[in-house]
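The values are calculated or read from the model by the stated rules, or taken from the named source; none is laboratory data. These figures come from a predicted structure and were not determined experimentally. Glycine gets a Cβ as well: all are built from the backbone with ideal geometry, and neighbour counts include every protein chain shown.
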Amino acid sequence: MPRFDQGPNAMPITPAASETGDPLLLTPGPLTTAKSVKEVMIHDWGSRDAAFLRINKAVLDGLPRIIHGEDRFVTVPMQGSGTFAVEAMLTSFVPKSGKVLVLVNGAYGQRAKRILDIAGRKTVVHETPEDTPPDLAAVERILKRQTSITHVFAVQCETTSGILNPIEEIAGIAARHGKRLLVDAMSAFGALPLDSRTVAFDAVAASSNKCIEGVPGLGFVLCRRETLNETEGNATTLVLDLFDQHRNFEKTGQYRFTPPIHVIVAFHQALEEFWAEGGVAGRGGRYAENAKVLIEGMRALGFTPLLPAARQAPIIVTFHMPRHTGFVFQRFYDGLKARGYVIYPGKLTVADSFRIGCIGRLYPKHMRGALDAVREVLAEMQVDLAPARAA
């Protein structure tokens, strides 16, 4: 229903909405999902029912196609959020005697370090600022000098800032030094290329509620088959043991513990729509266009993106907080939400910022609508950020 601006000249606002009447989520996930994805969840399935097992098998068998790894990789699902999958990957693939070079330029690299610390795994950290990719020469030096390192961990797209990290180059360095690469592709999987035929890695973790446009509740790890077979006994917990989870699937075709059935069925529908859109090229192309419209429009309104174009992934864009005395982020956020657009506060430690996502069931028309809403909220706040134009 219409809402009203505050003030003497209040005008009704008809907020933007998704197909199901919800605000549009300009976030990195959970995100706006298609009505068709949500609709399949109205039914019930038994976790051991043949119909559900067929759906689940189709999901697990289809995911390695996304990295061109059908013959060499297997999908091991993990109930829970994406972090469950990342922790399962790290604690299953890194043995007690292992040592991990953790590449950090944001909160998710820091989280991986904490996971490994709690699990009692040795680490070496190479950290760069949140707007800076890893120093590849420094990575090379570390691996050359510290021969006891067994694994390298990297985040493909670090949503703390939206930066795209150079996974291909990192993989090449790790391979030259005989180290095994583990990738957190949570926010990139399905939209940014990761080709296992040319990029060497042992495992990649992702989840249902990002670029495949499913709903939250299922993480998964695509594991190189022969390497997964070497991980028996590594896990530090029962529920996050990828080896045991996979072995149980091979024996029974079923989960060890209750699966998020409705999430999996929705994920199956989302995958069907992902392939219909053209897979990585189609989905990533739409997101890239969303990001282009957003960044160009926000620049025109006077906002400054954190990252240069060469480092910006088309997933989520971080903007510096304006220094205008009239700009109050909470009012800005609330004004956009009243108009049907939900954004994210910043996560940077080095600068005040906010973030706007480009993924989910969103199209360039939605980004243009969001820009119109930004323009209206700035006017309501009596904030003009646009650069002065020459007379």
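Check D202, D195, D241 and return the single one that is among the acidic types (D, E) and in contact with a Leu (Cβ under 8 Å, 6 or more places away or on another chain).
Matching residue, one of D202, D195, D241: D202.
Of all residues in segment 347-378, those satisfying the criterion of being over 16 Å from the mean Cα position of the chain (by Cα), in a loop (DSSP other than H, G, I, E, B) and either surrounded by 17 or more Cβ atoms within 10 Å (Cβ to Cβ) or not small (G, A, S) (or both) are L348, T349, V350, D352, Y363. Scanning segment 37-55 for residues that are of a type outside the set (G, A, S), part of a helix (DSSP H, G or I) and either at pLDDT below 95 or out of contact with any His (no Cβ under 8 Å at 6 or more places or on another chain) (or both) yields a count of 7.
Would you confirm, using the coordinates I've provided, whether S161 is crowded, with 24+ Cβ neighbours inside 10 Å, under 21 Å from A88 (Cβ atoms), assigned by TED's automatic domain parsing to the domain that holds L101 and of a type in the set (G, A, S)? Walk me through how you get there before you give the answer.
Details: crowded, with 24+ Cβ neighbours inside 10 Å: yes; under 21 Å from A88 (Cβ atoms): no; assigned by TED's automatic domain parsing to the domain that holds L101: yes; of a type in the set (G, A, S): yes.
So S161 fails the test.
Go through the residues of segment 120-129 one by one and say whether even a single one is farther than 18 Å from I316 by Cα, surrounded by fewer than 22 Cβ atoms within 10 Å (Cβ to Cβ), of a type in the set (G, A, S) and in contact with a helix residue (DSSP H, G or I) (Cβ under 9 Å, 6 or more places away or on another chain). The answer is no, given that none of the residues of segment 120-129 is farther than 18 Å from I316 by Cα, surrounded by fewer than 22 Cβ atoms within 10 Å (Cβ to Cβ), of a type in the set (G, A, S) and in contact with a helix residue (DSSP H, G or I) (Cβ under 9 Å, 6 or more places away or on another chain).
The selection criterion, being closer than 13 Å to G190 by Cβ, at pLDDT 95 or above and not in a strand (DSSP E or B), holds for G284. Applying the selection to segment 101-119, what residues are surrounded by 16 or more Cβ atoms within 10 Å (Cβ to Cβ), more than 19 Å from the chain's Cα centre (by Cα) and over 23 Å from G178 (Cα atoms)? Listed by number, the list holds a single entry, A119. Of the residues screened, I261 is not one that is crowded, with 18+ Cβ neighbours inside 10 Å, aliphatic (A, V, I, L, M) and free of Cβ contacts under 8 Å to residues at least 60 places away in the same chain.
So that you can scan it fast, the table gives a plain yes or no per residue for (1) in contact with an Asp or Glu (Cβ under 8 Å, 6 or more places away or on another chain); (2) of a type in the set (S, T, N, Q); (3) farther than 26 Å from G80 by Cα:
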| residue | (1), (2), (3) |
| --- | --- |
| G109 | yes, no, no |
| V125 | no, no, yes |
| I142 | no, no, yes |
| T150 | no, yes, yes |
| A154 | yes, no, no |
| C157 | no, no, no |
| I163 | yes, no, no |
| M186 | no, no, no |
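Could you list, in sequence order, the residues of segment 269-307 that are among the hydrophobic types (A, V, I, L, M, F, W, C) and within 30 Å of I42 (Cα to Cα)? Result: A270, L271, F274, W275, A276, V280.
Taking the numbered list (1) in contact with a Lys or Arg (Cβ under 7 Å, 6 or more places away or on another chain); (2) in a loop (DSSP other than H, G, I, E, B); (3) without any contact (Cβ under 8 Å) to a residue 40 or more places away in the chain in turn, R256 passes all entries but (1). Would a scan of segment 277-297 turn up a residue that is in contact with a helix residue (DSSP H, G or I) (Cβ under 6 Å, 6 or more places away or on another chain), under 23 Å from L228 (Cβ atoms) and either surrounded by fewer than 20 Cβ atoms within 10 Å (Cβ to Cβ) or outside the structural domain of C157 (by TED's automatic domain parsing) (or both)? Among the residues of segment 277-297, not one is in contact with a helix residue (DSSP H, G or I) (Cβ under 6 Å, 6 or more places away or on another chain), under 23 Å from L228 (Cβ atoms) and either surrounded by fewer than 20 Cβ atoms within 10 Å (Cβ to Cβ) or outside the structural domain of C157 (by TED's automatic domain parsing) (or both), which makes the answer no.
Number of residues in segment 13-36 that are outside any loop (DSSP other than H, G, I, E, B) and among the hydrophobic types (A, V, I, L, M, F, W, C) equals 3.
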